[in-house]
Amino acid sequence: MEIPSKYNASSVESKWYDYWMKNNYFHSTPDDREPYTIVIPPPNVTGVLHMGHMLNNTIQDVLIRRARLLGKNACWVPGTDHASIATEAKVVAKLKEQGIDKNDLTREEFLKHAWDWTDEYGGVILEQLKKLGCSCDWDRTKFTLDDDMSEAVIKVFVDLYNKGQIYRGYRMVNWDPEAKTTLSDEEVEYIEKQGKLYHINYKIEGSDEVVTIATTRPETLLGDTAICINPNDERHTHLKGKKAIVPINNRVIHVIEDEYVDLEFGTGCLKVTPAHDENDKALGEKHNLDVIDIFNEDATLNSFGLHYEGKDRFVVREEIIKELESLGAIVKIEDYTNRVGISERTKAIIEPRLSDQWFLKMKDLAQPAIKAVLETGEVKLHPKRFNNTYRHWMENIRDWNISRQLRWGQQIPAYYYGDGKEDFVVAETKQEAFELAKKKLSVTSSGVEKSFKIEDLRQDSDALDTWFSSWLWPISVFDGIRNPENEEINYYYPTNDLVTGPDILFFWVARMIVAGYEYKGKRPFENVYLTGLVRDKQRRKMSKSLGNSPDALKLIEDYGADGVRVGLLLSAAAGNDLMFDEELCNQGKSFANKVWNAFRLVKGWEIAEIKQPESSKIAINWYKARFQNTLAEMEDNYSKYRLSDVLMTSYKLIWDDFCSWLLEMIKPAYGSPIDSKTFKAVIALFENNLKILHPFMPFLTEEIWQYMADRTPDEALIISKYPEVKAFDSQLIEDFELVKEAISGIRTIRKEKNIAFKDAIELSVINNENLDTSYNSVITKMGNISELNTIETPVEGALTFRVKSNEYFIPMSGAINIEEEIKKLTEELSYTEGFLKSVQKKLSNERFVNNAPEKVVASEKKKEADALAKIETIEKSLASLK
């Protein structure tokens, strides 16, 4: 086959992805091999590929492809999340464009629109992941609203309810007025927001007195039901037992006393609005206060808002201040920085709201998950520093609000059979609920159950929090909830590695660990690799609004999937934010071209049955040792999830050691053939290079692999055998560093003296390092040396350089400007002496020597020794020229 002169990424990528799919390499079924399992963090079904997905899924693909090469039964389960808030918002927006109000539709009608939208737009992201080269088992693709997945969710809800872990409660919740649903505490972000602190006078009933309160939310005064003072506050003793009048609505409220009031904040008088503040609610319950909710679900004011009814809370804030000013009730307005909760999804400012919701008790359920990460290490977080974050969340865990006022999602399996709040039963099906309801009714009101029909049951209209389905993901994708002892769950679970972002460490990761121990009695995965956030070069978070998030598919088009994968991983240390620079993708593309050109060079050589040169034999042995040394280093970094270090190590091995050194050392002279022994050896080494590079650059490596020889589908690179770590000659590697330095020294002198490479030169060496003379063949070839002699004394009048304690001499030939050479050497001597002085100053500092790491001190001592040796060599060179 003729090898194209240029590597064409786009045609290669589609060709090999189709080939891999056609041969079913990604598919896994249980067998006798060791399983290696990853479940994808399911992206939102509404999503499109962004830089975070690219990084996360590249890492997963590296791990799964390596496992496949290691001979494991690699299974990567893909899928998408129904993302109730995000998806419902998009469906509602689409309906709005069509002039349809969600509230005018029945649940079934709305869900039909939602499914139509999902079928049309959903799953785009999975197709985009294929462009990146992701080798998921697409036959296993799951969606969190699939019938079997929903059945598992409902089963778990019923089970936890029957265990007394799920309850219905009237609680203060986080209300998102844009999505019109509650949020769990973890779905709320907190930001610093510049606002105002308003000081407002309330009149005291039956007197001319006033009491001044300070608030950041003046609109909520319409819901005030008390004013609270601290009983220890002498400033307000005169207010005890009195009543105040709320401005505007003139509601008469009691002045109550409680030590909860902070003497230092504001005026020391607190307006109490039990319906709109968690702490006020607690005060209200303690002092038996009325609860007046002034807001509608969209945070407009209701009838308690009087003439502000129907207006948005922030519009009312502006208008109510004007009205209070006209009444003379405003004392002063100050600038004030407030910590405000916003919705993680919609970014709307959260409204505390009292509501009937479903909660899951978490304290007891969390204990095995705390132990697994923080005590036994059964589940390991990488990097380990995230253990502290995990500890803080898990040890301060609160009950999980699992109900959402949405339609898109699993409907809560609670069925009401009467008008009372407690008149409900929980069951997996309506029929089961009917049977339970009849039993309850027979206990409470004899004979009534006979007239009670299944149609009389009314299912709770709320949907379950999306996370309540995805916390079961590693179990439910293998049907482990509905069929707990099936072959697949017993084979693939626990999974091995989870790759995700630290932003969902609690939302998802911690809850999966909780579910794993509750429903399987085992961890759901062993390792959690937490990637950093993708930022731009200026350390800003990637976002549409900043316009700094590149089009992921355009990057693949411009640099090839392999180039983008390399670019992402070159900038991604485990757990640290990734400073993405498009130039790194270009570097990845250049690397692909480098490997491609190296292959073309090797395949372009003519092969002959001739004797193997000694230099080639040594070069091959050196690279084998170098490869094994690198492989051991890579394995160590893999074990620590330092994938960018693994890539950089292999990158340097292939670019520097293989392309720049090995191929140059074995390359036949122009027009001459290469011996077959060397050729076979270099092809074998090239194949090993491809194997270690394949997880990172799957397309390029498969293309070269298939060009190297005629291969059957059973011999494809994707399922070949990964190189084994073997013992290697470290002395050979060490010696070769001296050889390389010697060659570099020769090249430097040739360059400085304008001695063309085609002109052979003599070389003499005082071999103080006792470097084996067998290496002379390599130095002779790489330096084009006509004669290499080992000598005892320096050569007078020769050009010289030093490698450690070895001194090399090249006799001067032709006209060399002695004065210019002396000037140059004198400058170099002056610089080296200055450098030596700075190093010795550091080493003479006892504090540095005693406190710096051992390696750092050793490095400084080596610098000192090298500088002293260099000075000696320069001085000898100067002496020979004078």
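At-a-glance table
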| read-out | value |
| --- | --- |
| Calculated P(r) of region 679-734 - Cα pairs past 15 Å, % | 53 percent |
| For region 200-206, 3J(HN,Hα) per residue [Karplus equation, 6.51 cos²θ - 1.76 cosθ + 1.60, θ = phi - 60°, Hz, x = Gly/Pro] | 10, 8, 10, 6, 8, 4, x |
| Per-residue ³J(HN,Hα) for region 689-704, Karplus 6.51 cos²θ - 1.76 cosθ + 1.60, θ = phi - 60°, Hz, x for Gly and Pro | 4, 5, 5, 6, 8, 3, x, 8, 10, x, 6, 4, 5, 5, 4, 5 |
| Cα shape, region 520-656, gyration tensor, a/c 1.5 rule | oblate |
| Sequence of Lys322, Lys541 when ordered by accessible area, the most exposed leading, probe 1.4 angstrom | Lys322, Lys541 |
| Debye intensity ratio I(q)/I(0), log10, region 600-689, q values 0.21, 0.22 Å⁻¹ (C-alpha model) | -0.96, -1.03 |
| Global size of region 397-507 as Cα Rg and Dmax, reported in angstrom | 18.8, 58 |
| For region 599-646: Kirkwood Rh in Å [reciprocal of mean 1/r, alpha carbons] | 13.4 Å |
| With every protein chain in place, the chain: carbon and sulfur % of accessible area (1.4 Å) | 48 percent |
| Largest to smallest accessible area among His238, His287 [probe 1.4 Å] | His238, His287 |
| Relative pair counts by distance (%), Cα atoms of the chain, 10 Å bins | 2, 10, 15, 17, 16, 13, 10, 8, 6, 3, 1, 0, 0 |
| Ser10 accessible area, assembled protein chains, probe 1.4 Å, Å² | 80 Å² |
| Debye intensity ratio I(q)/I(0), log10, region 480-589, q values 0.16 Å⁻¹ (C-alpha model) | -0.82 |
| Relative contact order (percent, whole number), region 571-716, Cα cutoff 8 Å, 6+ residue spacing | 31 percent |
| Lys363 - accessible surface, heavy atoms, 1.4 Å probe, Å² rounded to 10 | 130 Å² |
| Check: region 96-210 dipole with +1 on Lys, Arg Cβ and -1 on Asp, Glu Cβ, in debye | 240 debye |
| Options Gly588, Gly604, Leu578, ranked by Cα towards positive dipole end of region 575-663, top entry (Cβ charges) | Gly604 |
| Projected label distance in nm at Glu334 and Thr429, using a 7 Å step from Cα toward the beta-carbon | 6.5 nm |
| Virtual spin-label span in nm between Glu875 and Lys102, 7 Å along Cα→Cβ | 8.4 nm |
| R0 of 35 Å, Cβ-Cβ distance Phe304-Glu264: FRET efficiency to nearest 0.05 | 0.65 |
| For Ile607, net neighbour charge (Lys/Arg +1, Asp/Glu -1) across residues whose Cβ lies under 15 Å away | +2 |
| Prolate/oblate/rounded label for region 507-557 (Cα gyration tensor, a/c 1.5) | prolate |
| At R0 = 25 Å, FRET efficiency that the Cβ-Cβ distance of Asp139 and Asp577 yields, to 0.05 | 0.10 |
| Pairs from Lys22/Lys624; Lys22/Lys721; Lys824/Lys862 whose Cα-Cα separation, in the structure shown, is over 30 Å | Lys22/Lys624 |
| Student exercise, the chain dipole from Lys, Arg, Asp, Glu Cβ charges, in Debye to nearest 20 | 1300 debye |
| Full-stretch length increase - Ser830, Ile454 - with 0.36 nm per residue and alpha-carbon distance subtracted | 125.5 nm |
| Additional length obtainable on full extension of the chain from Asp293 to Glu819, 0.36 nm per residue less Cα span | 179.9 nm |
| Using θ = phi - 60° and Karplus 6.51 cos²θ - 1.76 cosθ + 1.60, couplings along region 223-234 (whole Hz; Gly, Pro as x) | x, 5, 10, 6, 10, 10, 10, 7, x, 8, 8, 5 |
| Value in Å of the Kirkwood radius, where region 534-614 supplies the Cα pairs that are averaged | 15.0 Å |
| Full-stretch length increase - His27, Lys163 - with 0.36 nm per residue and alpha-carbon distance subtracted | 45.1 nm |
| Rounded accessible area of Ile733 (nearest 10 Å², 1.4 Å probe) | 20 Å² |
| Over 26 Å (Cα to Cα) - which of Lys72/Lys652; Lys130/Lys371; Lys753/Lys870 fall in this group | Lys72/Lys652; Lys130/Lys371 |
| Heavy-atom accessible area ranking, 1.4 Å probe, most first, across Asp423, Asp176 | Asp423, Asp176 |
| Mean separation of Cα contacts under 8 Å (6+ apart) over length of region 24-76, as relative contact order % | 62 percent |
| Per residue accessible area of the chain, 1.4 Å probe, in Å² | 46 Å² |
| Lys/Arg +1, Asp/Glu -1 at C-beta; the chain dipole; positive extreme among Leu771, Asn401, Ile227 | Leu771 |
| Inter-label distance, nm, simple model (7 Å from Cα along the C-beta direction), Glu606/Lys837 | 6.1 nm |
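The values are calculated or read from the model by the stated rules, or taken from the named source; none is laboratory data. Fair warning: this is a prediction, and the values are worked out from it, not measured in the lab. Every residue, glycine as well, gets a Cβ built from its backbone with ideal geometry; the counts of neighbours run over all protein chains shown. We work out accessible area using only protein heavy atoms, side chains counted, and drop any ligands, DNA or RNA first. Shrake-Rupley method; radii C 1.70, N 1.55, O 1.52, S 1.80 Å.
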